[in-house]
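Remarks on the structure that follows.
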Amino acid sequence: MTVPTYPVENTAPSPAPAAARAHLLHDGSVEQYRRTIADGVDRVARKVATVDRPVTGITPAELAPLVDRVDLNRPLGDAGAALDELEDVYLRDAVWFHHPRYLAHLNCPVAIPALLGEAVLTAVNSSLDTWDQSAGATLIERRLIDWTAERIGLGPSADGVFTSGGSQSNLQALLLAREEACVDAVGPAARAELLPRLRVLTSAAGHFSVQKSAKLLGLAPDAVIAVPTDARRRVRASAVREEIARCRQAGLVVMAVVATAGTTDFGSIDPLTELSGICAATGVWLHVDAAYGCGLLISPTRRHLLDGIEHADSVTVDFHKSFFQPVSSSALLVRDRRVLRHATYHADYLNPARMVEQRIPNQVDKSLQTTRRFDALKLWLTLRVMGPHALGALFDEVVDRAADAWQLVSEDPRFEVVTRSELSTVVFRYLPTGPGREFADAANLHAREALAASGLAVVAGTRVDGRHFLKFTLLNPATTVEDVGYVLDLIATHAGRYVHDHVTADLTCHVG
């Protein structure tokens with residue numbers, strides 16, 4: 001690919017200012033806005049109605065030249081033409097999460113009321129940093145934060161803010177925990193002495209964003225301690241207690257324990273009640289990463305699986321995972337709103353300190369972001385149209401389906417399955433017999449790649465105890481047990497063929 005020399009001369013004719021303004025949304029362009037958006041919606045609707053597989057199997061090497069050939073300095077001048085082009089560079093090969101055989105990552109089919117919210121919020125273009133850029137949007141986000149805190153049970157002093165996703169929420173939670181741990185370290189010298197001694201305890205099955213957050217926060221390279229898990233892949237509470245004691249004996253300060261309510265691979269939920277008791281007794285901040293498991297907050301039958309979360313100091317929730325919301329729609333909640341001051345900075349042009357005295361609600365006062373989308377609107381409209389009980393029933397449905405899938409895999413002699421998930425994942429692998437056993441890792445890697453290349457289904461992969469495994473992540477209520485069985489047969493066919501070919505090649509080599 002040839003890299004152009006900058007600046008690039010614009011060879012396209014310059015449009016008249018009036019023609020350029022016609023592309024902006026205003027009172028004179030509303031009909032164009034209606035037609036353009038309707039055309040885009042119609043094209044997506046046709047794709048959703050007609051796709052017969054979750055992916056096409058296209059490779060980066062095949063698609064990249066199509067994108068590279070687009071000359072961004074020569075506009076098409078027409079939205080219809082741009083949508084025609086978009087069909088070739090995006091829509092034709094998009095990954096369709098609504099398809100029942102998309103079984104890979106934590107991507108959900110999305111609720112239609114949320115899509116309505118997306119259309120409204122992008123057109124109005126509110127920014128949630130200050131009141132004078134958002135007005136009612138600020139109050140809607142705050143009401144949803146209060147509602148979520150009530151669902152968690154954090155108490156009357158709780159607060160929070162919407163974020164871009166679980167990684168940002170975890171980063172901010174650990175920032176708050178770090179600052180609370182440093183409250184008594186007055187002066188640069190005391191702080192510099194304390195920071196290298198701070199430690200974070202988390203499950204060995206926890207999310208990688210904990211390690212990334214520690215690095216971004218300037219903690220020591222060995223600040224995050226991965227605590228062992230039990231047979232169900234839940235962190236061992238007794239090991240957390242022992243590690244806190246060991247750290248203190250070594251002169252280290254445990255600034256936070258990060259519990260996980262729904263690990264990405266295993267859907268495991270750490271023993272929240274036990275951990276909250278340990279943290280309360282030792283004065284350690286408890287953060288619960290419920291990015292995945294937050295759907296249990298609205299489950300009609302499984303809310304008890306989150307018992308203990310109400311004692312957390314901070315909680316991460318990802319509505320765009322188990323509340324069927326489009327990306328992004330997430331939040332960080334805290335038990336004590338006063339700790340959010342650690343994320344506050346007053347800029348004279350934006351949110352001067354006097355606004356606090358005037359009781360003007362500026363969300364930037366508690367956010368790591370400044371300019372921020374009104375993502376709360378999607379959840380607001382979903383709750384107003386569907387209600388939490390309906391959303392919770394959908395999440396229950398995928399958890400039920402995962403239990404059926406686990407049963408199906410566990411009874412199939414072709415596969416080995418890991419622990420049964422409390423949520424909606426199934427971790428398993430094709431396990432050859434006899435001399436083919438040595439090819440198990442390679443066969444599972446091959447099966448996943450071959451499956452994706454066929455476009456017939458998409459599954460995820462991970463490593464368990466050093467071995468390659470496959471993973472179903474079910475977040476689509478339309479997925480059936482028959483879909484799961486069909487994908488298992490495809491995997492067994494690809495993996496079995498791989499093992500057969502390599503065993504045969506080995507035998508031929510030895511005979512020769």
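The values are calculated or read from the model by the stated rules, or taken from the named source; none is laboratory data. All values derive from a computational prediction rather than experimental measurement. Cβ atoms come from the backbone with ideal geometry, glycine included; neighbour counts cover every protein chain shown. Ligands, DNA and RNA are excluded from the accessible area calculation, which covers all protein heavy atoms including side chains. Shrake-Rupley method; radii C 1.70, N 1.55, O 1.52, S 1.80 Å.
Yes/no per residue for (1) part of a helix (DSSP H, G or I); (2) open to solvent by 10 Å² or more (accessible area, probe 1.4 Å):
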position	(1), (2)
His287	no, no
Cys294	yes, no
Glu310	yes, yes
Val315	no, no
Lys321	yes, yes
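Any idea which of Ala135, Ala189, Ala173 is closer than 30 Å to Thr382 by Cβ, among the aliphatic types (A, V, I, L, M) and at pLDDT below 95?
Ala135
Does Ala226 fit the bill of being part of a strand (DSSP E or B), out of contact with any Asp or Glu (no Cβ under 9 Å at 6 or more places or on another chain) and in contact (Cβ under 8 Å) with a residue 24 or more places away in the chain?
When the stated conditions are applied, Ala226 passes them.
Show the residue pairs that are 6+ apart or on different chains and have beta-carbon atoms under 9 Å apart, the first residue being within the range 424-441 and among the aromatic types (Phe, Trp, Tyr), the second being in a loop (DSSP other than H, G, I, E, B) and open to solvent by 10 Å² or more (accessible area, probe 1.4 Å).
Partner pairs satisfying both residue conditions: Phe428/Asp412; Phe428/Val418; Tyr430/Arg414.
If I filter the range 174-207 down to residues being among the small types (Gly, Ala, Ser) and assigned to a helix (DSSP H, G or I), which single residue comes out as farthest from Val224 (Cα to Cα)?
Ala189
Considering Val55, Val48, which residue is farther than 30 Å from Lys366 by Cβ, open to solvent by less than 70 Å² (accessible area, probe 1.4 Å) and part of a loop (DSSP other than H, G, I, E, B)?
Just a single option satisfies the conditions, and that option is Val55.
Enumerate the pairs (first residue in the range 71-88 and assigned to a loop (DSSP other than H, G, I, E, B); second residue anywhere and among the aliphatic types (A, V, I, L, M)) with beta-carbon separation below 8 Å, excluding pairs fewer than 6 apart on the same chain, so at least 6 apart or on different chains.
These pairs meet every condition: Asn73/Val8; Asn73/Ala12; Arg74/Ala12; Pro75/Ala12; Leu76/Ala82.
Since Asp265 meets every condition but one in (1) open to solvent by 10 Å² or more (accessible area, probe 1.4 Å); (2) without any contact (Cβ under 8 Å) to a residue 60 or more places away in the chain, which condition does it not meet?
Status for Asp265: all satisfied but (2).
Among the candidates Val459, Val418, single out the residue that is hydrophobic (A, V, I, L, M, F, W, C), in contact (Cβ under 8 Å) with a residue 12 or more places away in the chain and within 19 Å of Phe97 (Cα to Cα).
Sole residue among the options that is hydrophobic (A, V, I, L, M, F, W, C), in contact (Cβ under 8 Å) with a residue 12 or more places away in the chain and within 19 Å of Phe97 (Cα to Cα): Val459.
For Ala220, state whether it is in contact (Cβ under 8 Å) with a residue 12 or more places away in the chain, assigned to a loop (DSSP other than H, G, I, E, B) and open to solvent by 70 Å² or more (accessible area, probe 1.4 Å).
no
Mind checking which residues of the range 458-496 are open to solvent by 60 Å² or more (accessible area, probe 1.4 Å) and either closer than 15 Å to Val398 by Cβ or at pLDDT 95 or above (or both)?
Arg463, Arg467, Glu482, Tyr486, Asp489, Thr493
Mind checking which residues of the range 148-173 are aliphatic (A, V, I, L, M), touching a helix residue (DSSP H, G or I) at 6+ places or on another chain (Cβ under 7 Å), open to solvent by less than 10 Å² (accessible area, probe 1.4 Å) and assigned to a helix (DSSP H, G or I)?
Ile152
Find the residue count for the range 391-447, including only residues that are over 22 Å from the mean Cα position of the chain (by Cα), of a type in the set (D, E, K, R) and part of a helix (DSSP H, G or I).
4
Only one of (1) in contact (Cβ under 8 Å) with a residue 40 or more places away in the chain; (2) open to solvent by 10 Å² or more (accessible area, probe 1.4 Å) fails for Gln133. Which number is that?
(1)
The rows are residues; the columns are (1) hydroxyl-bearing (Ser, Thr, Tyr); (2) closer than 21 Å to Leu296 by Cα; (3) open to solvent by 20 Å² or more (accessible area, probe 1.4 Å); (4) touching a Gly at 6+ places or on another chain (Cβ under 9 Å).
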residue	(1), (2), (3), (4)
His389	no, yes, yes, no
Arg401	no, yes, yes, no
Gln407	no, no, yes, no
Glu411	no, no, yes, no
Glu422	no, yes, yes, yes
Thr433	yes, no, yes, no
Phe439	no, no, yes, no
Ala452	no, no, yes, yes
Leu456	no, no, yes, yes
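I'm told Val327 meets every condition in (1) surrounded by fewer than 24 Cβ atoms within 10 Å (Cβ to Cβ); (2) touching a helix residue (DSSP H, G or I) at 6+ places or on another chain (Cβ under 7 Å); (3) free of Cβ contacts under 8 Å to residues at least 60 places away in the same chain except one. Can you identify the failing condition by its number?
(3)
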